[in-house]
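Below: the structure, in structure tokens.
The values are calculated or read from the model by the stated rules, or taken from the named source; none is laboratory data. All values reported here derive from a predicted model rather than from experimental measurement. No Cβ is skipped: glycine too gets one built from the backbone with ideal geometry, and neighbour counts run over all protein chains shown. To get the accessible areas, we keep the full protein, side chains included, count just its heavy atoms, and leave off ligands, DNA and RNA. Shrake-Rupley method; radii C 1.70, N 1.55, O 1.52, S 1.80 Å.
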Amino acid sequence: MTKSFQQAFNALKEHTCLSYAKIATMGGLCNVDHIIVKATAPNSSPLSDKYVHQLLRLFAISPPCCRAFSLGFARRFGKTRSWRVALKCLLLLHRLLRSSPEDSLFRTELLINRSNGSISLYPCNFRDVSSSDPESFTAFIRSYARLLDEISNEDNHRRRPGPPDNSPEEIGRVLEVLEQIQSLIDRVIECKPTGVTARNFLIQTAMKHIIRDSFVCYTVFKNDIVFLLENMFQMPTYQCCISAFSVYKKAALQADQLYEFYQWCKLMGVCGCYEYPFVDRIPLLQIQALESFINGMWEIKDDDGDHQSPSSSPLSSTAEKVGDEGEEERQPLIKLNDDDDDDDDDDSWEDILEASVINFSSHGSEEKEEWRIQVYNPFDGKYVSNDPNYPWGL
């Protein structure tokens, strides 16, 4: 009885909101609230494109409408307890964010209302009371809201025009962009619906927009990760090298998760199978090889004094322990598996790199030893080398 009363009360409240928006429009006020309420009606119809186009035209003609939309969205999304209304609010915001330039007044007003607490996408306090499975719908709405919260925070996921250079500023920018995209991909995977929400028509409509945006993110990610791999051995500091390796290591783990997520989406009929990009999976052997090589490379460069050694870096997870004879033994820089057998610790990095390492050679008693490594690049099927005398594609 209580549940039926809540559903009836929620339907009455939504009808009252629609009536209020009509009265405000008849009084000559801005019709942004009316458009928001009509676009987010509590029915099973998908969000109509005409409401998105109407709002975009209003934003272009009357810039103050951007602030009116932010306030209207905050009221509509913050007060509703219907998952249909909340989902359409998020879909409307998603479509507007995708259609608005990064420096638009709409995004500025949205950031202002988020900063002062008028709009709360994360943490999201929405709770559904209008369905038979409120937990599943509530979880999806909150995951979707968190994704949009991160999307509205990101400034740029595209490479600057022109070919990239190897300057420290460009490498630092690429690292920052890759970390942002990896966070977005995590949020996309968290939006996977469960229970009865997985086959709901409105939920699948929202998933199509989420998945298609992830295609763009992953395409940019693949291009930038290749650039990062090619410049990993020319990092100016040890900390930059560790940051790049951490991003590359996470990319290997995230590729498996994204592949499984895309396979599930294909089975559920979300988007066409031809739309999905090929997910490049990085072998674990290559991650182990890079880890071992970075340890050895920076031990050699430690003699210069200009670089930070692995043992003194605050970002390094290298640990040292003293044996029975008082000799210090260095453990791996980054542990990939905590449950590895003790016998695996005795393996040298030469065994791991047997197929990819070219033994370093000495060119004189006064010259410094250098290592040359060939690392397989899974994104373009080539090998890359850290030696400037060798081409990247072998």
Rg and Dmax [Cα atoms of segment 210-303; Å; Rg one decimal, Dmax integer]:
16.3, 58
Suppose each label sits 7 Å from its Cα in the direction of the beta carbon; what would the THR108-GLU135 distance come out to in nanometres?
4.6 nm
Mind counting lysine pairs for me in segment 157-299? Cα separation below 19 Å, and the two need to be 8 or more apart along the chain or on different chains.
5
Compute, for ASP103, the solvent-accessible surface of its heavy atoms (probe 1.4 Å) with the complete set of protein chains present, and express it in square angstrom to the nearest 10.
130 Å²
Calculate the spin-label point distance for VAL220 paired with GLN257, positioning each point 7 Å from the Cα along the beta-carbon direction, and give it in nanometres.
1.9 nm
Just to be sure I understand the model, the point goes 7 Å from the Cα along the line to the Cβ. What's the resulting ILE61 to GLU176 distance in nm?
3.9 nm
